Ligand SMILES: Nc1nc2c(c(=O)[nH]1)N[C@H]1C(S)=C(S)[C@@H](COP(=O)(O)O)O[C@H]1N2
Ligand SMILES: [Mo]
């Protein structure tokens, strides 16, 4: 499927669910699997039809926006930061979940500490090398299981799963974790990302089944997303 048709199909799906008045299911299926999810042991690949190839010598991660110390890290500088490992479950909005994903990389809180966000910063906007973007409330990024991961299950992160580096936010649906991440911006106001502009939830809590925007809430302003 072409990229445009894939995006259109996924957007139509979200619109249909919204039009139907999608309502979260009341009960989780177990204490580990969020409601409406099915467990898989495979690891599906979801992207926009592009898996950008970024030579490590050219890779940069910029951390900026409302911060005291805007920073751009090279691959070597990034890898010289303290490394952490965390095992977490992965929940995709298209209803598959995968347990026990072992990620390692740099804790989001470490990047937060380096850049020193100003008190006005309340949202985080991630941008990727494939033109993807996603927005997350800052509070949700400050859990100690949130990482910019460069390794998965003990091996360097493959390109199909978002290498050289991707964001992992285990407590939210996986679209909130930008693969091929290139920049992290701290913002005062929320700014919808790629799927959030196309009907997906802003907050994306899998336990509350926040898959789509609530049709009764005001629509997200459809300003053109400059990254795409
Ligand atoms: N840059 C980028 N990040 C992305 C996506 C994407 O298309 N591009 N898809 C998101 C979605 S919808 C999911 S479910 C996960 C999929 O990660 P995986 O391909 O490693 O399973 O990445 C998320 N991050
Ligand atoms: Mo997804």
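The values are calculated or read from the model by the stated rules, or taken from the named source; none is laboratory data. Being a predicted model, the structure only gives us computed values, none of them experimental. Cβ: placed from backbone, ideal geometry, glycine included. Neighbour counts: every protein chain shown.
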Subject >> Given (1) more than 12 Å from ligand 1 (Cβ to nearest atom); (2) within 27 Å of residue 15 (Cα to Cα), index of the condition residue 144 fails >> reply: (2)
**OP:** Please determine, by comparing only the residues of segment 179-200 that are touching a helix residue (DSSP H, G or I) at 6+ places or on another chain (Cβ under 8 Å) and more than 12 Å from ligand 1 (Cβ to nearest atom), which one is farthest from residue 126 (Cα to Cα).
**Re:** 199
Original post:
How many residues are over 15 Å from residue 173 (Cα atoms) and at pLDDT 95 or above if we restrict to segment 199-228?
Top reply: 0
Subject >> Where residue 1 falls short, out of the listed (1) assigned to a loop (DSSP other than H, G, I, E, B); (2) within 16 Å of ligand 2 (Cβ to nearest atom); (3) in contact with a helix residue (DSSP H, G or I) (Cβ under 7 Å, 6 or more places away or on another chain); (4) modelled with pLDDT under 95 >> reply: (3)
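Give me the residue from segment 33-51 that is assigned to a loop (DSSP other than H, G, I, E, B) and loosely packed, with under 15 Cβ neighbours inside 10 Å and, out of that set, farthest from ligand 2 (Cβ to nearest atom). Before the answer, list the steps.
Initial filter on segment 33-51 (assigned to a loop (DSSP other than H, G, I, E, B)): 33-37, 40-51.
Now restrict to residues that are loosely packed, with under 15 Cβ neighbours inside 10 Å: 40-45, 49-50.
Numbers: 40: 13, 41: 17, 42: 14, 43: 12, 44: 9, 45: 10, 49: 14, 50: 16 Å.
Only one residue fits best here, namely 41.
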Subject >> Residue tally, condition touching a residue at least 60 places away in the same chain (Cβ under 8 Å), surrounded by fewer than 20 Cβ atoms within 10 Å (Cβ to Cβ) and out of contact with any strand residue (DSSP E or B) (no Cβ under 6 Å at 6 or more places or on another chain), over segment 113-136 >> reply: 4
**OP:** Would you mind stating whether residue 130 is closer than 29 Å to residue 35 by Cα and modelled with pLDDT of 95 or more?
**Re:** no
**OP:** All but one of (1) modelled with pLDDT of 95 or more; (2) over 19 Å from residue 69 (Cα atoms) hold for residue 187, so report the exception by its number.
**Re:** (2)
**OP:** Output the residues belonging to segment 185-205 that are in contact (Cβ under 8 Å) with a residue 40 or more places away in the chain, assigned to a helix (DSSP H, G or I) and surrounded by fewer than 23 Cβ atoms within 10 Å (Cβ to Cβ).
**Re:** 198
